[in-house]
1. Which of the residues spanning region 188-235 are surrounded by 20 or more Cβ atoms within 10 Å (Cβ to Cβ) and charged (D, E, K, R)?
2. What is the one condition in (1) buried (at least 20 other Cβ atoms within 10 Å of the Cβ); (2) farther than 22 Å from ARG240 by Cα; (3) modelled with pLDDT of 85 or more; (4) in contact with a helix residue (DSSP H, G or I) (Cβ under 8 Å, 6 or more places away or on another chain) that PHE73 does not satisfy?
3. Quick check on this structure: which one of ASP261, ASP272, ASP265 is more than 19 Å from ASP315 (Cβ to Cβ) and acidic (Asp, Glu)?
4. Name every residue in region 152-196 that is outside the structural domain of ARG267 (by TED's automatic domain parsing), aromatic (Phe, Trp, Tyr) and closer than 17 Å to GLY66 by Cα, in order of residue number.
5. Quick one: how many residues across region 95-122 are in contact (Cβ under 8 Å) with a residue 60 or more places away in the chain and either in contact with a strand residue (DSSP E or B) (Cβ under 7 Å, 6 or more places away or on another chain) or part of a helix (DSSP H, G or I) (or both)?
6. Please work out which one of (1) modelled with pLDDT of 95 or more; (2) in contact with an Asp or Glu (Cβ under 6 Å, 6 or more places away or on another chain); (3) part of a loop (DSSP other than H, G, I, E, B) is the condition ALA38 fails and give its number.
7. Mind listing whichever residues of region 142-159 are assigned to a loop (DSSP other than H, G, I, E, B) and surrounded by 20 or more Cβ atoms within 10 Å (Cβ to Cβ)?
8. Report the residue count in region 248-270 for those that are surrounded by fewer than 20 Cβ atoms within 10 Å (Cβ to Cβ) and either under 21 Å from the mean Cα position of the chain (by Cα) or of a type in the set (Ser, Thr, Tyr) (or both).
Amino acid sequence: MPVDAPGITLEADPNVCDSFIASLCAILDSWGRPSDYAYVAGLSGLAFSPVLDTGEDCRAWWMEGGDDIHLDFLGRALGFVVEKVTERQDREWDTHPEPDALSDSRRRYLCRLKTGLANDCGVIVRTWPTWSVLTGWSRDITTIPFTPGPGFEKLCNDACPPYKTNLAYIITPGKPTLLQEDAVEEALTFGARVANGSAGASPFKYGGALYEATAKRLDHDPFCEPCGEKSHTCARRTFRRVVGTAQSAIDFLEQSARVVDTHPDCRKRAIDRYRRIIASTAPYDGLALSAGWSDPAFRLKLKEDVLRMGALHQDAAKALKHLARA
């Protein structure tokens, strides 16, 4: 059986898009099931709120993780079966595996991933800082082929390539078991929970958590302690993810209206709030952010706008709650 997946390409920008959803879309595309990123993100619920990883110190990466949620539902809606595969060394993560001295548990873990590829399944691995898709196998485990998305190949390979990962998902093709209308209705219900922050598990938070944390960090200098004087680049990536998430919500709400069109006023209000969140980030593009970063007045205005984004998000969450009840 083959252990290559040469048809898989991942084109979504990991700075803007959620890397787990982008990886899943790449796998679906490779099966001949073209998938729209925003639609899949909406079904997952992740389109409705940026995530905050409270355990991440770098403010460039505190929007990563917590995205492997609601997967059984996604499988029923889109037609696949998901298997979670983890590597444990006794009771702790095997965080520093040596290629020439792998633990038995790590060997079993890697063997399971290889078998998944051989069975024509998609394999998503928790490389760092983003998720990646395995695109083949190698007898030299340090060179297992994978794709994390444009521009992240070297970063993920240096920090945490596939053989060092502790978590993966094997995606086996199947048939959808939910009608599209039922899938959209359930997605809106779960999405409303994501938006108001009642979904997810520690250390990941949804709702307005990222906006609140960003506003608080803007009172600190540096904004990102690990990055110091380059902290503005971390803030820039935070805003890019905010924009990407809000745009996914808009796109899903517009697309799903063709399937379930109840309470159009609530839908319209939610879309409007997400659009206003995007508009609020416009004054802080890359050049403007770097130019004004050291100006206290600029930082104060930025903080006020971030708090305003958080208020807009809460208003969108209320609209989604009413939409989900409709």
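1. ARG193, LYS205, ARG217, listed by residue number.
2. (1)
3. On inspection, the qualifying residue turns out to be ASP261.
4. Residue satisfying the conditions is TYR169 alone.
5. 4
6. (3)
7. Within region 142-159, ILE144, PRO148, GLY149, PHE152 qualify.
8. Going through region 248-270 one residue at a time, the tally reaches 4.
The values are calculated or read from the model by the stated rules, or taken from the named source; none is laboratory data. Everything numeric in this text was worked out from a predicted model, so none of it was measured. When we count neighbours, we look across all protein chains shown, and the Cβ atoms used for this are built from the backbone with ideal geometry, even at glycine.
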